[in-house]
1. Which residues, counting only those in the stretch 161-175, are among the hydrophobic types (A, V, I, L, M, F, W, C), outside any helix (DSSP H, G or I) and within 17 Å of the chain's Cα centre (by Cα)?
2. Somewhere in the stretch 10-29, is a residue touching a residue at least 24 places away in the same chain (Cβ under 8 Å) and assigned to a helix (DSSP H, G or I)?
3. Condition (residue is open to solvent by 30 Å² or more (accessible area, probe 1.4 Å), among the β-branched types (Val, Ile, Thr) and out of contact with any strand residue (DSSP E or B) (no Cβ under 9 Å at 6 or more places or on another chain)) applied to the stretch 62-70: is it met by at least one residue?
4. Any residue that is assigned to a helix (DSSP H, G or I), at pLDDT 95 or above and exposed (fewer than 13 other Cβ atoms within 10 Å of the Cβ) - is there at least one of those in the stretch 31-45?
5. Only one of (1) modelled with pLDDT under 95; (2) in contact with a helix residue (DSSP H, G or I) (Cβ under 6 Å, 6 or more places away or on another chain) is not met by PHE106, so which one is it?
6. From the list LEU225, LEU252, LEU256, LEU262, exactly one residue is assigned to a loop (DSSP other than H, G, I, E, B), open to solvent by 10 Å² or more (accessible area, probe 1.4 Å) and modelled with pLDDT of 95 or more. Which is it?
7. Would you mind stating whether ARG186 is modelled with pLDDT of 95 or more and over 24 Å from GLU272 (Cβ atoms)?
8. If you check ASP60, ASP119, which single one turns out to be out of contact with any Lys or Arg (no Cβ under 7 Å at 6 or more places or on another chain) and of a type in the set (Asp, Glu)?
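The values are calculated or read from the model by the stated rules, or taken from the named source; none is laboratory data. Just so we're clear, the structure is a prediction, and the values are computed from it rather than from any experiment. Here Cβ is always computed from backbone atoms with ideal geometry, including for glycine, and neighbour counts include all displayed protein chains. For the accessible areas, the whole protein counts, side chains as well, though only heavy atoms, and no ligand, DNA or RNA atoms are used. Shrake-Rupley method; radii C 1.70, N 1.55, O 1.52, S 1.80 Å.
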Amino acid sequence: MIDAHLHLWSLDTFVTGGVRPYSWLGPQHGALFRSFDEDEAGEVLAAAGMRGAVLVQADDTVADTESMLAVAGRQPWVLGVVGWIRLDSPGEAANQLDRFAANPVFRGVRHLVHDDPRDDFLDLPPVRESLGLVAGRGLAFDVPDAFPRHLGATVRLAQELPGLTVVLDHLGKPPLGDPDGMELWRTEFSALGSTGNAVAKLSGLHLPGVEYSADSLRWLFGFALECFGADRLMIGSDWPVSTLGAPYGRTLEVLLELVSTLSPAEQTAILEGTAIRAYGLDAGAG
């Protein structure tokens with residue numbers, strides 16, 4: 001199995017001017033407000049029987065990407081890195097791609113669109129130009145917490161850049177408990193599934209007001225299967241964010257219970273095949 005969505009961060013490092021990275025993270029996040037390092041992650045993955053993971057950016061900074069690549073150089077369980085580049089500046093994005101993509105473990109790009117004040121971020125011409133460069137290098141593009149502001153734009157992006165592998169994190173964060181919001185989410189999620197170049201992650205499903213169990217999530221899993229198929233779905237823990245909802249073992253247990261209802265080939269696709277294909281991972285690593 002491959003965990004396609006795992007984070008690391010250190011609150012002990014500071015950038016120029018004394019501004020702490022990961023500024024979205026604060027004391028209000030309780031037990032999450034601490035550093036999570038490669039040693040702790042490696043122990044968690046080994047205990048769960050994972051053969052490797054994809055590290056995903058948690059800060060819109062070059063320093064975060066550099067830190068993940070450094071970890072990848074030390075830890076064989078890091079199969080891929082999804083980092084950050086400045087998408088709204090194509091020239092800068094090109095230079096950063098030249099630098100990061102020289103490392104074969106750099107397999108994708110992500111921007112914290114849900115924290116960006118620009119509702120039209122994914123439609124901005126310079127962002128589209130930069131994502132064209134990402135596509136040209138055979139790299140994937142992850143979109144976090146897309147609903148409600150960015151899921152429709154993600155559909156347009158996938159349709160208009162068919163050469164770009166678009167990875168929808170956390171199933172786009174469906175607004176369970178909001179009937180009107182769910183109707184729009186269903187429409188946009190289904191539209192994204194109808195594109196041939198989008199995949200989705202079964203991750204980040206500790207949703208407000210919903211019990212985290214296979215029974216409560218079964219209909220959501222079924223809808224994701226209907227829209228994407230097993231060969232375009234992958235599992236991810238969203239560790240350590242997921243620890244606010246459940247320990248790593250329980251997070252994985254629920255996902256495995258859902259996946260266990262499928263054929264062996266479908267299970268293999270969701271548990272590792274989709275991640276290997278979408279990110280271009282070395283299937284023999286880990």
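1. Let us first name the residues in the stretch 161-175 that are among the hydrophobic types (A, V, I, L, M, F, W, C), namely 161, 164, 166-168, 171.
Those still in the list that are outside any helix (DSSP H, G or I) too: 161, 164, 166-168.
Of everything in the stretch 161-175, those that are among the hydrophobic types (A, V, I, L, M, F, W, C), outside any helix (DSSP H, G or I) and within 17 Å of the chain's Cα centre (by Cα) turn out to be LEU164, VAL166, VAL167, LEU168.
2. Yes: the stretch 10-29 contains one or more residues that are touching a residue at least 24 places away in the same chain (Cβ under 8 Å) and assigned to a helix (DSSP H, G or I).
3. Residues of the stretch 62-70 open to solvent by 30 Å² or more (accessible area, probe 1.4 Å): 62-63, 66-67, 70.
Imposing the further condition that a residue be among the β-branched types (Val, Ile, Thr) reduces the set to 62.
With out of contact with any strand residue (DSSP E or B) (no Cβ under 9 Å at 6 or more places or on another chain) added as a condition, the list becomes none.
No, every residue in the stretch 62-70 fails to be open to solvent by 30 Å² or more (accessible area, probe 1.4 Å), among the β-branched types (Val, Ile, Thr) and out of contact with any strand residue (DSSP E or B) (no Cβ under 9 Å at 6 or more places or on another chain).
4. Step one: list which residues in the stretch 31-45 are assigned to a helix (DSSP H, G or I), which gives 31-32, 38-45.
Now narrow it down to the ones that are at pLDDT 95 or above: 38-45.
Add one more test, that the residue is exposed (fewer than 13 other Cβ atoms within 10 Å of the Cβ), and what stays is 39, 43.
The answer is yes; a qualifying residue exists.
5. Of the numbered conditions (1) modelled with pLDDT under 95; (2) in contact with a helix residue (DSSP H, G or I) (Cβ under 6 Å, 6 or more places away or on another chain), the odd one out for PHE106 is (1).
6. None of the other options fit; the residue is LEU262.
7. So ARG186 fits the description; yes.
8. Details: ASP119 fails: out of contact with any Lys or Arg (no Cβ under 7 Å at 6 or more places or on another chain).
Residue meeting the stated conditions: ASP60.
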